[in-house]
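All of the numbers you see were taken from the coordinates with simple rules; none came from a lab. All values derive from a computational prediction rather than experimental measurement. Note that we place each Cβ from the backbone using ideal geometry, even for glycine, and neighbour counts take in every protein chain shown.
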Amino acid sequence: MKDLSHYRKSYEKSQLVESSLPENPMALFDTWFHETESAGAGEEINAVTVSTIDPDGFPKSRIVLLKMYTEEGFVFYTNYDSAKGRAIAANPKVCMSFFWPWTERQVIIRGHAEKVDESVSDAYFHTRPAGSKLGAAASNQSEEIPSREFLEEKLRALEEKFPDGNVPRPASWGGYLVRPDQIEFWQGRENRLHDRIRYTLKNSIWQRCRLSP
């Protein structure tokens, strides 16, 4: 057992002031993303926690890599037959959470996930390194397998079949677009009096409010 009560940090790097905030939260997300990137925040600042609701009613969270964001929302790619894919098929309501400790910020996104057009998935899939494409084809994500060797043998068979690595995109692999209806921006502040600004989409108009920390 380890006592973690002494792990403390004072957040002092920035603030959220309503008068300087844009009306559209996607504009603020874009600013924050580039500021975090410019801060030398290390690798994979596009890593995001995606939470779904399993058919048994339990939430489940995992890290994925965001591959695009636009005015419409946020795009990531996965196996549609995976645990997350099955959960989204049953209940498309998801939550996405970014944590950027380098800038003392969080962004929490609530929305509905939908599959992107197959042409979009095709285009992205063919930009991936050969190993990533082969790996996607070899893995029936989330399914139980007998051993690591079983998986590696499937990969070897695909490498022999597609020596140039130009494997077709599996029909079960593709992108999701998460269309947000609520986005919260969290900026760490001193004395745990953090700034929390929540945007909520109502009748196609983003409304904004401040939340108590």
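Are there any GluC sites (Glu not before Pro) in region 109-213 that are in a DSSP loop and have at most 12 other Cβ atoms within 10 Å? List them by number. The qualifying sites are Glu143, Glu144. Summing Cβ point charges (Lys, Arg +1; Asp, Glu -1) relative to the Cα centre of region 128-168 gives a dipole of roughly 180 debye.
Counting beta carbons within 10 Å around each of Asp56, Asp195, Asp117 and listing the fewest first gives the order Asp56, Asp117, Asp195. As a rough footprinting exposure proxy, the listed residues Lys115, Lys133 were ranked by other beta carbons within 10 Å of their own, and the order from fewest upward is Lys115, Lys133.
Taking only the C-alpha atoms of region 103-213, Rg followed by Dmax gives 21.2, 60 Å. Taking trypsin sites (Lys or Arg not before Pro) across region 1-63, the ones in a DSSP loop with at most 11 further Cβ atoms lying within 10 angstrom of their Cβ are Lys2, Arg8, Lys9. Distances longer than 30 Å among the Cα atoms of the chain: what percent of all pairs is that? The answer is 34 percent, as a whole percent. About its Cα centre, the dipole of region 56-127 is roughly 380 debye, where the only charges are +1 on Lys and Arg Cβ and -1 on Asp and Glu Cβ. Magnitude of the charge dipole for region 85-134, about its Cα centre and with charges confined to Cβ atoms of Lys, Arg (+1) and Asp, Glu (-1), is about 180 debye. For Met68, the residues whose modelled amide H falls within less than 5 Å of its own, excluding neighbours fewer than 5 places apart on the same chain, are Val75.
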